1. In the set R133, R92, R120, R204, which member is basic (K, R), modelled with pLDDT of 65 or more and in a strand (DSSP E or B)?
2. So is Y21 out of contact with any helix residue (DSSP H, G or I) (no Cβ under 8 Å at 6 or more places or on another chain), modelled with pLDDT of 90 or more, surrounded by 15 or more Cβ atoms within 10 Å (Cβ to Cβ) and not polar (S, T, N, Q) or not?
3. Which residue, of R44, R74, is closer than 17 Å to Q112 by Cβ and surrounded by 13 or more Cβ atoms within 10 Å (Cβ to Cβ)?
4. Any idea which of A29, A25 is touching a Leu at 6+ places or on another chain (Cβ under 8 Å), in the same structural domain as A103 (by TED's automatic domain parsing) and hydrophobic (A, V, I, L, M, F, W, C)?
5. Just to be sure before I move on: is D102 closer than 18 Å to W22 by Cα and either touching a Lys or Arg at 6+ places or on another chain (Cβ under 9 Å) or not assigned by TED's automatic domain parsing to the domain that holds I41 (or both) in the structure I sent?
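The values are calculated or read from the model by the stated rules, or taken from the named source; none is laboratory data. What you see is a predicted model, and the numbers here were worked out from it, not measured in a lab. Please note: Cβ atoms are built from the backbone with ideal geometry, for glycine as well, and neighbour counts cover all protein chains shown.
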Amino acid sequence: MLAKRYPRARERNSQVWIECYWDGADQPAISAPVGDFFGHIMGRDLPFENYFFSDPSGRSLQTYMPMPFRKEARIDIINHFDLPISMFHEVRCTMDEDLPEDAGYLHAYYNQMITDEPGRVYTVLPVVEGRGRYMGTHLGFRVKAENGLEWYSTDEDRLKAIACDQSLDDIRGFIAEGGGKPSDFVEFYTNDDLYSVAYYYLDRP
């Protein structure tokens, strides 16, 4: 049985942000909506578990990713929601422990693309300079209604062929005949909405 959802939970999860600063840095190494950072892409509260994140009840946010620092750490929660929020948090920290010299700082890059223009390139993680390690990405996409059951429309304003050696008339005939043979499929760019958080360690805060 799923736990009862908080009112407007999805909207709240997308508008309350977490920002983390390591060792006095001017810019946050982590800056993302709380829900997205903890694995609830697009703010959806659903039970899940992977190696670094978990939410057994569907309304709790947990991560086990190490977040090393050498002098100080600062974690800000910023409420852009239109209502006050209450929250419980627990940060487990081990002090006075020698870190390996090559221990990196955790970073998280959040991106979203909401567009009506098909074929735009989406960036999961921009080019990052320095020594580090890419850990993975939470990625979500929302198929827009116009790209749903009639996704194969030949309206050039909404869809663009990726690679096709057939004419547009041939494609229309392919659709009119019910789809043709599997070898006749045509791939298109669409204008779906995309959301992601990429996690990586870097040799600077």
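1. Exactly one residue qualifies, and that residue is R133.
2. It is true that Y21 is out of contact with any helix residue (DSSP H, G or I) (no Cβ under 8 Å at 6 or more places or on another chain), modelled with pLDDT of 90 or more, surrounded by 15 or more Cβ atoms within 10 Å (Cβ to Cβ) and not polar (S, T, N, Q).
3. The conditions single out R44.
4. Matching residue, one of A29, A25: A29.
5. So D102 passes the test.
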